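Structure first, then comments.
The values are calculated or read from the model by the stated rules, or taken from the named source; none is laboratory data. In this text the structure is predicted, and so the values were computed from the model without any measurement. All Cβ positions, even for glycine, are placed from backbone atoms using ideal geometry, and neighbour counts span all protein chains on display. Accessible surface is based on the protein model in full, side chains and every heavy atom, while ligands, DNA and RNA are left aside. Shrake-Rupley method; radii C 1.70, N 1.55, O 1.52, S 1.80 Å.
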Amino acid sequence: MTSFSGDTVLVAGVGMTPFVGFRHDASVRDMVAEASRTAVADAGLRSTSQIDMGVAAYESDHFNRQMSLGQVLHDTVGLAGKPLVRVEGGGATGALAIRTALMALRSGEARSVLVFGGETNGKSVDRATATEILAMSADLEWETPVFGTFAAPYALMITEHMRRYGTTAEQFAQIAVKNRRLALDNPLAHRGMSITVDDVRSSAPLSDPYRLFDASLLSDGAAAVLLATSEWSEQHSPTFAARPPVAVLASAAATDHPRLSDRTDEMFPHFAAKRNAAAEAYRAAGIDDPPNQVDLAEVYDSFSGAELQAYEDLVLCPVGRGGQAAAEGRFDRGGQVVVNPSGGLLGRGSAVGATGIAQAVEVVSQLRGEVTGPRAVSGARIGITDTHAGVGSLCVVNVFARAA
Amino acid sequence: MRVTGVDRSTGTGGQPVYLLDMEMSQRYRHAVGSSSPFYRGLEEGVLRATRCPECGASWFPPRRFCPVDMTETAWYDLPGTGTVTAATRVHSPPPFGGIDPPYVLASIRLDGVDGGITHRVTGSETPKKGTVVTVTFIEEAAAHPLLAIAFSVRRGEA
């Protein structure tokens, strides 16, 4: 595509806070306000007064300590009076909020929507309490009583992947190394690190074969994007003409049985919903050769092996070859598709409600050519974001493209 | 909720920072609802599943209504055997406690029903895919009723 039509949904503005272990100087509403202020300023606006609607993204009242937080956030960013919807979809919350905004814009219900998300997953509660809360997102009736951390179901999936395809722990450890290294060049990242495969393999065991460094970070943070029709952007966004527009080309969501033991043997080591969401998103975006058409992907690396599995389910490599691709560095900086240039959840970190939005912030910034230095994916035209709830129970794939 | 402490410090920009330590605890009375016959079964030493009288589909974990045609299902007993799909050794205790880590957790496809369970396998060996396991009922009081069972590898089949 060389240009976008008038009803195309564009990204008019993006913003995010740094992701950190604990924001002792800011509440969740402060962080959402910071990110929203940046997104609004990025669109060249001085206020949110011209924006039609808000979509609030956050997962857990247990972490945020505020029921009906969406309304508080909506009011904080100056949208009181305007329609609001709060979205929750586990790890996919932020991406699902973007998808919700897209649906509102495509239906004609709104012409501009501010999507804002935040979470205090960092150190506002001690680690044991955080683990206990997160365990409640497994099936409380049938799973939570027998396993306490998500390392366990992820470990079961990757164990079968290893048996079936010969995937090794060293291969996914390389993803843990890659994403922490890439995060070193992202000033907003929670914790970039220079570590080795040996460091990963010798870190504390969580659930075999996963170890501490295979697991992603829990962060405090917020992110926001302003989505609008092309027509609205032209009318209201002073920065519209100054840079190549980036569109939300497609968004797809799919679901799977939340309980791992309900899934078929055949699909046990795979994210079936991710595969289905990706197929639909690519179809809608007119992408028929993902590894050659997608330039960068922000992928849900909650565990290092989950990124390896995502290579396959997002059709970036053949099924069963994710391990080999990781070992070859095929999706590292300078690779065929740069996966997680931000550092991913392993390096940039994860503040659940903000995560899928922060991924979009990275992708849009890259597509606009605004990321400078070693992190830049130069000449990128198409980028995707991938998030999932649980162990792939709800998957959302969003596709962004820059007008040529 | 109660405030147990206040911390006054200074942010990186010299701004005042004010932190509250707060505490809150809840007690719940949790209805297991339609799974009640399953929990009673655990106390009687039997694993129960449900079957749809309309389409014949069987469900474990048991479901009150068949999700295919929304018909009310009927309870029946399972033999208590199954086959491991994948297993892992877990190095932290489950949230309700009751198991000292490390322990072995497996995804198990159960015989007699089109379904399965992720549960503990006794012993320290991590069973391979295809290993046959049998349910064991544990006598001592469990931290959670679901932990009144575990699965054991059949002798000679590890």
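Values for this structure:
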| item | result |
| --- | --- |
| Residue-level accessible surface for B:W75, protein heavy atoms, 1.4 Å, Å² | 90 Å² |
| Leading residue at positive end of dipole, region B:33-153 (Cβ point charges), from B:S92, B:A57, B:G82 | B:S92 |
| Separation of alpha-carbon centers, region A:331-349 and region A:146-184, rounded to whole Å | 16 Å |
| Three-way shape call for region B:70-158 based on the alpha-carbon gyration tensor, with the a/c threshold at 1.5 | oblate |
| Region A:112-128 - phi-based ³J(HN,Hα) in whole Hz, Karplus 6.51/-1.76/1.60, Gly and Pro as x | 8, 9, 8, 9, 10, x, x, 7, 10, 8, x, 9, 6, 10, 5, 4, 5 |
| B:F137/A:Q71 FRET efficiency (R0 41 Å; Cβ-Cβ; nearest 0.05) | 0.25 |
| Cysteines not pairable in chain B (beta carbon separation under 4.7 Å absent) | B:C55 |
| A:E266/B:R154 FRET efficiency (R0 25 Å; Cβ-Cβ; nearest 0.05) | 0.50 |
| Chain B - convex hull of alpha carbons, volume per residue in Å³ | 209 Å³ |
| B versus A: buried accessible surface, summed, Å² (probe 1.4 Å, to nearest 100) | 3100 Å² |
| Long-range amide H partners of A:A297 with built H, under 5 Å | A:V338, A:V339, A:N340, A:I384 |
| Protein-only accessible surface order, largest first, of B:H91, B:H30 at 1.4 Å | B:H30, B:H91 |
| Exposure rank, largest accessible area first [A:T76, A:T239; 1.4 Å] | A:T76, A:T239 |
| Amide H within-cut-off set for A:G13, under 5 Å, with H built and near neighbours excluded | A:L226 |
| Loop-located GluC sites (Glu not before Pro) in region A:225-334 whose Cβ has at most 15 other Cβ within 10 Å (DSSP) | A:E266 |
| Region A:161-291: C-alpha gyration tensor shape, a/c 1.5 cut-off, then a/b vs b/c | oblate |
| Convex hull volume of region A:75-127 per residue (C-alpha atoms, cubic angstrom) | 92 Å³ |
| Label-to-label distance, nm, for residues given as A:S107 and B:R27 (7 Å Cα→Cβ offset) | 4.4 nm |
| Residue of A:K274, A:K123, A:K178 that the Gaussian network model of chain A assigns the largest fluctuation, springs spanning Cα pairs under 10 Å | A:K123 |
| Nearest-20 debye value, the protein assembly as shown charge dipole, Cβ charges on Lys, Arg, Asp, Glu | 560 debye |
| Whether region A:263-374 is rounded, prolate or oblate, judged on the alpha carbon gyration tensor where a/c under 1.5 counts as rounded | rounded |
| Estimated FRET transfer efficiency (A:D7, A:E280; beta-carbon r; R0 22 Å; 0.05) | 0.65 |
| Spatial extent of region A:130-233: Rg and Dmax, with the Cα atoms as the point set, Å | 17.7, 55 |
| Candidates A:Q336, A:Q50, A:Q235, ranked by Gaussian network fluctuation over chain A, Cα under 10 Å, top entry | A:Q235 |
| Dipole magnitude (debye, nearest 20) for region B:33-153, charges at Cβ of Lys, Arg, Asp, Glu | 340 debye |
| Equivalent ellipsoid, region A:18-142 (semi-axes from 5 times Cα gyration tensor eigenvalues, Å) | 27, 18, 11 |
| Max mean-square fluctuation residue, GNM over chain A, Cα-Cα springs under 10 Å, options A:A253, A:A224, A:A104 | A:A104 |
| Accessible carbon and sulfur surface of the protein assembly as shown relative to its total accessible area, %, 1.4 Å | 50 percent |
| The protein assembly as shown: Cα Rg divided by the 2.2 N^0.38 Å rule of thumb | 0.98 |
| Region A:261-308 and region B:13-63: distance between their alpha carbon centers, rounded to Å | 30 Å |
